[in-house]
Amino acid sequence: MSFDPNPQPFVLRALARALLAGLACASLACSAAPAAASKAPAPPAVTEAPLRAHLAFLADDLLEGRGTGQRGGDLAVRYLETQAAALGLQPAANGGYRQKVEMVGQKTLPASTLRFEAGGRELAVRFGQEAVFGNASGRTATRIDAPLLFVGYGIDAPSERWNDFQDVDVKGKLLVAMVNDPQPTAAEPERFGGKSLTWHGRWTYKFEEALRQGAAGILLIHTTESASYPWSVPVNSFSHEQFHLAGAGNALQGWISEDFARTLFAAAGQDLDRLRAQAEVRGLRPVDLRAAAHADVKSAVRNVVQYNVAGIVPGSDPRLREEAVIYSAHWDHLGIDADNGKPDHIWNGAIDNASGSAALLAMAQAAVAHPAKRTQIFLWPCAEEQGLLGSLAYVRAPLWPLAKTAADLNLDSMNFVGRTRDIGVAGAERSSLLETSAAVAKSMGLALAAPTPDLGGAYFRADHFSFAKAGVPAFNVGSAVFSGDGKFDFEHDHAHAGGHGSADRMRAFTKDYHQVSDQYDPAWDLSGMVQQAQFTLNLGYAVANAPAMPSWKAGQAYGAVKR
């Protein structure tokens, strides 16, 4: 979609539809009050009209891609809090709908340099071709002169009896590590999740672990197979402004290409493939590469305040209302970049994640007139695309006690191609939410989608994971979009425009993911999105009305609430 220089008519229509839907909901709340007092609450119906209106508006060029630290993000927050008030949600944060999240924006400037000395050679990297890097320290200028250590996967996981840092002080060293995690073996077929990627395999974990270890920084060796995405993904990320929560971070963090890593290791007298093979065996100690790194990082730095948006439907039970179920969906996307060299410079993020944000508004509209026994919280976190920052800030300063939070049900990148006969619940198997999901699915005539190995670590890449790390049972209520494979069982997998069926169009979205082409199409069949939202709301009501809160399965790593 090209930029519309005169968007007012569309905006007014979208706002009018959304506001009228909110007024209708308010009227319904008044008329339904006596009935609610005489019978137990039941899951209300999510309707398409408000969902579509909210989706169309949130994905419009007017909101400029809802970028973190950008005007479009501010507009999205204002829209969400206005709609929350119009729908009748009660304020969740100190008398308002906004939860303040302080963060720092950092962009690596072209004057930055990174070079290595190894085996008498000097190797200077070309930013974007052989390496991408930045700092998260909040400083505009960072100088690093440090020895290099290869630390295998860069993992310290007592539960797996694995420590890539054992017996070596890495303080002040620049670490070089692999992405992903140790692969399963015949003797240990389920170590580190078997074929599935675990939290320890994610780049975010490795950056955090380097900071915990006191290292000067960390560089990850990129391969498409181990990262589950091509070199262009970290290049795009580090070429733009990055954000982190206010506080200390790594002075240097980034990626190096596999080809450059091979050259660097060879110059240091090491064989990259041999070291990678050794890193698959428990007990590897950090390897001194007998090389030195010299980094001079110049950064544009700014302090930014963003906001989570949250509203509440109070519970009806005098005792259980002190506990809550959270529905979440991040409102941000990648924003606007006038310097990207393309005719279209707005990352609209229609599916990722105007779809989830719109669905939460439609669900809230249905819920306000029908309180459940437990309180329901509708939460729109900020800065998910920057590393789950909004949800991380929430669990650090929760608006509702984590010990009294029953579950977080997250929506991210929803189904836009039609109804299915099954529903994805990957991650629910970690807690009793699986059994509850199965019962809800059965009541709706749905099956649970067959589980598949989580090769890309999807469970750790959306906002629910912040809640899981804090001990709250949580998962992303999935769709074929989120899985990226289109393998769901569509009711009518018939061809539409272009001759492609539902599964084909779902798979085709992978080329639009995090691209300017992720734009709203009025021709989308949103019946599957409504179905997905309805399942999520029904599941939330089942949790909210149950005698006891959900519990983690035995052996799960995320079983203790951090208060």
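The values are calculated or read from the model by the stated rules, or taken from the named source; none is laboratory data. Worth saying up front: this structure is predicted, and the values here are computed from it rather than measured. Reconstructed Cβ throughout: ideal geometry from the backbone, glycine too, with neighbour counts over all protein chains shown.
For region 249-264, check the following and say yes or no: at least one residue is under 30 Å from Asn410 (Cα atoms) and assigned to a loop (DSSP other than H, G, I, E, B). Show your work before the answer.
Let us first name the residues in region 249-264 that are under 30 Å from Asn410 (Cα atoms), namely 249-250, 253-255.
Applying the additional criterion that residues be assigned to a loop (DSSP other than H, G, I, E, B) yields 249-250.
The answer is yes; a qualifying residue exists.
Residue-wise test of (1) modelled with pLDDT under 95; (2) in a helix (DSSP H, G or I); (3) under 23 Å from Gln83 (Cα atoms).
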| residue | (1), (2), (3) |
| --- | --- |
| Ala366 | no, yes, yes |
| His370 | no, no, yes |
| Ile377 | no, no, yes |
| Ser437 | no, yes, no |
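Can you name the condition, by its number, that Gly427 falls short on among (1) within 25 Å of Ala93 (Cα to Cα); (2) within 16 Å of the chain's Cα centre (by Cα)?
(1)
A quick yes/no check of all residues on (1) of a type outside the set (Val, Ile, Thr); (2) at pLDDT below 95:
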site: Asp518; (1), (2): yes, yes
site: Ser527; (1), (2): yes, no
site: Val530; (1), (2): no, no
site: Gln534; (1), (2): yes, no
site: Asn545; (1), (2): yes, no
site: Met549; (1), (2): yes, no
site: Ala554; (1), (2): yes, yes
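Here's the yes/no breakdown for (1) crowded, with 22+ Cβ neighbours inside 10 Å; (2) under 29 Å from Ile336 (Cα atoms); (3) more than 23 Å from the chain's Cα centre (by Cα):
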site: Val151; (1), (2), (3): yes, no, yes
site: Asn163; (1), (2), (3): no, no, yes
site: Val176; (1), (2), (3): yes, no, yes
site: Asp181; (1), (2), (3): yes, no, no
site: Pro184; (1), (2), (3): no, no, yes
site: Gly214; (1), (2), (3): no, no, yes
site: Pro234; (1), (2), (3): yes, yes, no
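Tell me, which residue of region 100-134 that is among the hydrophobic types (A, V, I, L, M, F, W, C) and assigned to a loop (DSSP other than H, G, I, E, B) is farthest from Val233 (Cα to Cα)? Walk me through it before giving the result.
First, pick out the residues of region 100-134 that are among the hydrophobic types (A, V, I, L, M, F, W, C): 101, 103-104, 109, 111, 114, 116, 118, 123-125, 127, 131-133.
When the remaining residues are screened for being assigned to a loop (DSSP other than H, G, I, E, B), the result is 109, 111, 125.
Working: Leu109: 19, Ala111: 22, Val125: 18 Å.
So the residue we want is Ala111.
Can you confirm whether Asp259 is surrounded by 23 or more Cβ atoms within 10 Å (Cβ to Cβ) and among the acidic types (Asp, Glu)?
Details: surrounded by 23 or more Cβ atoms within 10 Å (Cβ to Cβ): no; among the acidic types (Asp, Glu): yes.
For Asp259, the condition - surrounded by 23 or more Cβ atoms within 10 Å (Cβ to Cβ) and among the acidic types (Asp, Glu) - is not met.
Output the residues belonging to region 181-204 that are assigned to a helix (DSSP H, G or I) and over 15 Å from Trp162 (Cα atoms).
Trp203, Thr204
Looking only at residues that are over 10 Å from Pro550 (Cα atoms) and in contact (Cβ under 8 Å) with a residue 60 or more places away in the chain in region 427-441, which one is surrounded by the fewest Cβ atoms within 10 Å (Cβ to Cβ)?
Ala439
Quick grid of which residues meet (1) part of a loop (DSSP other than H, G, I, E, B); (2) surrounded by 18 or more Cβ atoms within 10 Å (Cβ to Cβ); (3) at pLDDT 90 or above:
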site	(1), (2), (3)
Gln270	yes, yes, yes
Asp288	no, no, yes
Ala292	no, no, yes
Val297	no, yes, yes
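Inspect all residues belonging to region 229-244 and state whether any of them is touching a residue at least 12 places away in the same chain (Cβ under 8 Å), within 23 Å of Asp169 (Cα to Cα) and among the acidic types (Asp, Glu).
The answer is no; no qualifying residue exists.
Among what's in region 236-248 and is surrounded by fewer than 20 Cβ atoms within 10 Å (Cβ to Cβ) and not in a helix (DSSP H, G or I), pick the residue that is modelled with the highest pLDDT.
The qualifying residue modelled with the highest pLDDT is Leu245.
Say we look at region 510-530 and pick out the residues that are crowded, with 20+ Cβ neighbours inside 10 Å and more than 15 Å from Ala56 (Cα to Cα); which of these is farthest from the chain's Cα centre (by Cα)?
Gly528
Give me a count of the residues in region 389-417 that are of a type outside the set (Ser, Thr, Tyr), part of a loop (DSSP other than H, G, I, E, B) and crowded, with 24+ Cβ neighbours inside 10 Å. Before you say what the answer is, go through the steps one by one.
Looking only at region 389-417, we keep the residues that are of a type outside the set (Ser, Thr, Tyr), and these are 389-390, 392-393, 395-404, 406-412, 414-417.
Narrowing the set further to residues that are part of a loop (DSSP other than H, G, I, E, B) leaves 397-401, 411-412, 414-416.
With the extra rule that they be crowded, with 24+ Cβ neighbours inside 10 Å, the set shrinks to 411-412, 414-416.
So the answer is 5.
Against the definition (in contact with a helix residue (DSSP H, G or I) (Cβ under 6 Å, 6 or more places away or on another chain) and in the same structural domain as Pro110 (by TED's automatic domain parsing)), how does Phe243 come out, yes or no? Reasoning before the result, please.
Numbers: in contact with a helix residue (DSSP H, G or I) (Cβ under 6 Å, 6 or more places away or on another chain): yes; in the same structural domain as Pro110 (by TED's automatic domain parsing): yes.
So Phe243 fits the description; yes.
Which of the numbered conditions does Val176 fail, given that it passes all the others? Conditions: (1) touching a helix residue (DSSP H, G or I) at 6+ places or on another chain (Cβ under 6 Å); (2) assigned to a strand (DSSP E or B).
Result: Val176 fails condition (1) only.
So, Leu109, is that one surrounded by fewer than 21 Cβ atoms within 10 Å (Cβ to Cβ) and either at positive phi or touching a residue at least 24 places away in the same chain (Cβ under 8 Å) (or both) or not?
On the way: surrounded by fewer than 21 Cβ atoms within 10 Å (Cβ to Cβ): yes; either at positive phi or touching a residue at least 24 places away in the same chain (Cβ under 8 Å) (or both): yes.
Criteria met by Leu109.
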